[in-house]
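Notes for the one structure printed next.
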Amino acid sequence: MPDSSGTTITLHDVAQAAQVSVMTASRALNDSGRIARDTQRRVQEAAARLGYVPNASARRLKGGRTGVLGLIVHDLAPMFAEMANGASEAASESGLDVLLYTTRSNPGRERERVAMVRGGLADGLIIALPRSDDAYLCSLESSAVPVVLINHYAEGKRLSAVRGDNYFGARAAAEHLVGLGHRRIAFLSGDPLSGQSTERQRAYSDVMREAGLPERVVHANFLQRRAFEVTRELLEGPNPPTAVFAANDYSAYGAIDAVKDAGLRVPDDVSVVGFDDVPASAQMHPALTTVRHPFHDLGVEAAKLLLDLLAGRAEPGTVRELPSTLIVRASTAPPGASR
């Protein structure tokens, strides 16, 4: 790393300042080999004083570790920020740092970031909600760098993953609406490439079939605006739903806006349920009934699994699942509650 004069500080400079050999300086900074504590402290103080930063690529070429975990998220929306905080906390406890990248939900940008990290910038990689086409998943499966996916279902792939319980969380939500007496329940599906949306829709369909009720699935792609449009169409059509189950909270917000725009009330005329429990959901009017995903804990568990893979304590393809919880608030009620 260049110092204030623009000169690059090398390991040789650190060794010279600490009055040790380059080999001793390397061992002291990498915490490898037998080094006297006083010597190690002297080397570390010299490195800090000079502003020395190890070359991650060079260390990898020599078979070393960078001490960094890569984390790729769509953006810094609350759910991803919570995952990042959790992963960072778990990594920090093991003396590692987290290198965070955002993709702005762009599949091409995600692939670029993955390639950069796999090129030697980090020891392992965590990807939140990766895109699901087979060629991409195969490239992750064959990666020399350990990879952990967050909230992803990769059937038939030997990919490690940490995920929230999408199926049973969605079952609880659909059963809640059926239990209130709703018989016309619409489901606003999410991104077709998302395993999360697939699991949530599967749970909805299973509950409808078991209750002997018709399915009404419309595609909203996890988007608030799209959810507003399709909900308005449902409300204006024949046999409008008395309840809407949205595949995520943002779609639920769009559904609530559409109900209000149609001159109706939530939950008196139409009940609405979301999924994720992002922070704003408790502040909605009415407060949103939703399924809480443990985003912070997902980040913690993803980092722990990645560390286990790096240490050989876990096998590639390991999947760990955390429970999701139905949170009942004011946006759901029996049909015709106002009457």
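The values are calculated or read from the model by the stated rules, or taken from the named source; none is laboratory data. If you're wondering where the values come from, they're calculated on a predicted model, not measured in any experiment. Neighbour counts are summed over all protein chains in view; Cβ atoms, including those assigned to glycine, are modelled from backbone coordinates with ideal geometry. What goes into the accessible areas is simple: the full protein's heavy atoms, side chains included, and nothing from ligands, DNA or RNA. Shrake-Rupley method; radii C 1.70, N 1.55, O 1.52, S 1.80 Å.
Give the residue, chosen from E301, E321, that is of a type outside the set (V, I, T), out of contact with any helix residue (DSSP H, G or I) (no Cβ under 7 Å at 6 or more places or on another chain) and open to solvent by 50 Å² or more (accessible area, probe 1.4 Å).
One residue alone meets the criteria, E321.
Out of the stretch 168-206, which residues are open to solvent by less than 30 Å² (accessible area, probe 1.4 Å) and among the hydroxyl-bearing types (S, T, Y)?
S189, S194, S197, Y204, S205
For residues that are out of contact with any Pro (no Cβ under 7 Å at 6 or more places or on another chain), closer than 11 Å to V162 by Cβ and not hydroxyl-bearing (S, T, Y), tally how many sit in the stretch 315-333.
3
Within the stretch 230-277, track down each residue that is farther than 24 Å from M79 by Cα, outside any helix (DSSP H, G or I) and either under 27 Å from the mean Cα position of the chain (by Cα) or free of Cβ contacts under 8 Å to residues at least 60 places away in the same chain (or both).
Correct list: G237, P238, N239, P240, P241, A262, G263, L264, V270.
Listed residues V266, V272, V230; which is among the aliphatic types (A, V, I, L, M) and more than 29 Å from L129 (Cα to Cα)?
V266
Does the stretch 285-339 hold any residues that are within 16 Å of the chain's Cα centre (by Cα), farther than 30 Å from L177 by Cα and at pLDDT 95 or above, and which are they?
Within the stretch 285-339, G299, V300, E301, A302, A303, K304, L305, L306 meet the criteria.
Just to be sure before I move on: is G63 open to solvent by 30 Å² or more (accessible area, probe 1.4 Å), under 38 Å from the mean Cα position of the chain (by Cα), modelled with pLDDT under 90 and not polar (S, T, N, Q) in the structure I sent?
yes
Looking at (1) without any contact (Cβ under 8 Å) to a residue 12 or more places away in the chain; (2) within 23 Å of S251 (Cβ to Cβ); (3) assigned to a helix (DSSP H, G or I), which is the one condition that is false for H285?
(3)
Counting only residues that are open to solvent by 70 Å² or more (accessible area, probe 1.4 Å) and either of a type outside the set (D, E) or in contact with a helix residue (DSSP H, G or I) (Cβ under 7 Å, 6 or more places away or on another chain) (or both), how many does the stretch 80-94 have? Lay out the reasoning, then the answer.
Here is the first cut: in the stretch 80-94, the residues open to solvent by 70 Å² or more (accessible area, probe 1.4 Å) are 85, 89, 92-93.
If we keep only those that are either of a type outside the set (D, E) or in contact with a helix residue (DSSP H, G or I) (Cβ under 7 Å, 6 or more places away or on another chain) (or both) too, we end up with 85, 89, 92.
Number satisfying all stated conditions: 3.
From the set of residues in the stretch 218-229 that are open to solvent by less than 60 Å² (accessible area, probe 1.4 Å) and over 20 Å from R292 (Cβ atoms), which is nearest to the chain's Cα centre (by Cα)?
Restricting attention to the stretch 218-229, the residues satisfying the condition of being open to solvent by less than 60 Å² (accessible area, probe 1.4 Å) are 218, 220-222, 227-228.
Subset that is over 20 Å from R292 (Cβ atoms): 218, 220-221, 228.
Working: V218: 25, A220: 20, N221: 17, F228: 25 Å.
Only one residue fits best here, namely N221.
Condition check: open to solvent by 10 Å² or more (accessible area, probe 1.4 Å) and closer than 13 Å to I185 by Cα. Does L235 satisfy that?
yes
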